[in-house]
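A.B. asks: Take this structure first; my questions come after.
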Amino acid sequence: MLTITGSSLATDIGVVGLFPGKAILVVDGAAPKTYSVGATINGDSKLVEADRESATVVINGKRQVLIIGQAVHHSAASSGNSVILKAGDRGHFMAPAVINGVSVSMLVDTGASLIALPASEAVKMGLKYKEGRPGRANTAGGLVDTYLVKIDTIKIGDVELHQVEASVIEKGLTIPLLGMSFLNRMEMRREGDQMTLTKRF
């Protein structure tokens, strides 16, 4: 669910279904409705992209990527320094991120010293990871090759960071991890099933 708080009233937009060129959305608690790319959702909200993995909406001129089962609460009047994540069914926090312009769902992992990316995702993001500093990491599957790289931009909600260190894992990693190279630059506050990340620098 994406909550947009404007100066007049809030708009809640939730994604319940995704298809190429279309998304099934729940707007302000109403019955689910199918929207095609290009359609106006509500007021200043418009669906601009949709595929089987995510929907992209433009709200008050700002692009937001929505993924089924994830939650980002965004205040249109905010300074762009905070984002609120909501825990999933298993209690894990997932962050719908955009890295170098590519949408990806990341698992918040305070135990990871760096952002960790599977090699397949790094390729999609245009990272020439084999030019990075090689290393080895001990995982549940044994020792694996890693490459230290820098991400040009990573954006979650309205929070955007530049030149963030990441480790690309050649084998064994199935989901990108949002590690401490990003989280160290945030103030993290958890209340129940919500986690607020506020940019410190």
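Every number here is computed from the coordinates shown, using simple stated rules; none is lab data. Treat the numbers as computed from the prediction; the structure is a model and nothing was measured. As a convention, Cβ positions derive from the backbone with ideal geometry for all residues, glycine included, and neighbour counts pool all protein chains shown.
A.B. asks: With the Cα gyration tensor of the range 88-183 in hand, give its eigenvalues times 5 under a square root as the equivalent ellipsoid semi-axes, listed largest first in whole angstrom.
C.D. replies: On the way: eigenvalues 75, 56, 26 Å².
Semi-axes, largest first: 19, 17, 11 Å.
A.B. asks: Within the range 163-185, what residues put their amide N at less than 18 Å from the label point 7 Å along the Cα-to-Cβ vector of Val48?
C.D. replies: none
A.B. asks: Determine the percent antiparallel among the DSSP beta bridges restricted to the range 88-183, to the nearest 5.
C.D. replies: Values: 27 of 33 bridges.
Bridges in the range 88-183 that DSSP calls antiparallel: roughly 80 percent.
A.B. asks: On to the next question. What 222 nm value per residue comes from the helices of the chain, counting each DSSP H run with n ≥ 4 as -39,500 (n - 2.57) and dividing by all residues, nearest 500 deg cm²/dmol? Before the final figure, lay out the partial values.
C.D. replies: Working: 2 runs with 10 residues, N = 201.
One gets -1000 deg cm²/dmol as the mean residue ellipticity at 222 nm.
A.B. asks: What list of ³J(HN,Hα) values in whole Hz, one per residue of the range 41-46 in order, does the Karplus curve 6.51 cos²θ - 1.76 cosθ + 1.60 (θ = phi - 60°) give from phi, with Gly and Pro shown as x?
C.D. replies: Couplings: 8, 6, x, 8, 9, 9 Hz.
A.B. asks: Given the pairs Lys22/Lys199; Lys124/Lys199; Lys150/Lys199, which are separated by over 29 angstrom at their Cα positions?
C.D. replies: Details: Lys22/Lys199 33 Å; Lys124/Lys199 26 Å; Lys150/Lys199 19 Å.
Lys22/Lys199, as the Cα separations exceed 29 Å there.
A.B. asks: Given H placed 1.01 Å from N in the peptide plane, which residues other than close sequence neighbours of Thr153 have an amide H under 5 Å from its amide H?
C.D. replies: Answer set, sorted by chain and number: Asn100, Gln163.
A.B. asks: With r as the distance between the Cβ atoms of Val37 and Thr174 and R0 = 45 Å, compute the FRET efficiency 1/(1 + (r/R0)^6) and round to 0.05. Please list the in-between numbers first.
C.D. replies: Details: r = 29 Å, r/R0 = 0.65.
E(calc), rounded to 0.05, equals 0.95.
A.B. asks: Here's another thing I want to ask about it. Explain nothing, just the number: relative contact order of the chain, from Cα pairs under 8 Å at least 6 residues apart, as a whole percent. Mind showing how you got there, number by number?
C.D. replies: Details: 498 pairs, mean separation 34.8, N = 201.
With pairs under 8 Å counted, the relative contact order is 17 percent.
A.B. asks: Would you mind ranking Glu165, Glu160, Glu121 so that the residue whose beta carbon has the fewest other beta carbons within 10 Å leads the list? It would help to have the intermediate numbers written out before the result.
C.D. replies: Details: Glu165 16, Glu160 13, Glu121 20.
Fewest-to-most Cβ neighbours within 10 Å comes out as Glu160, Glu165, Glu121.
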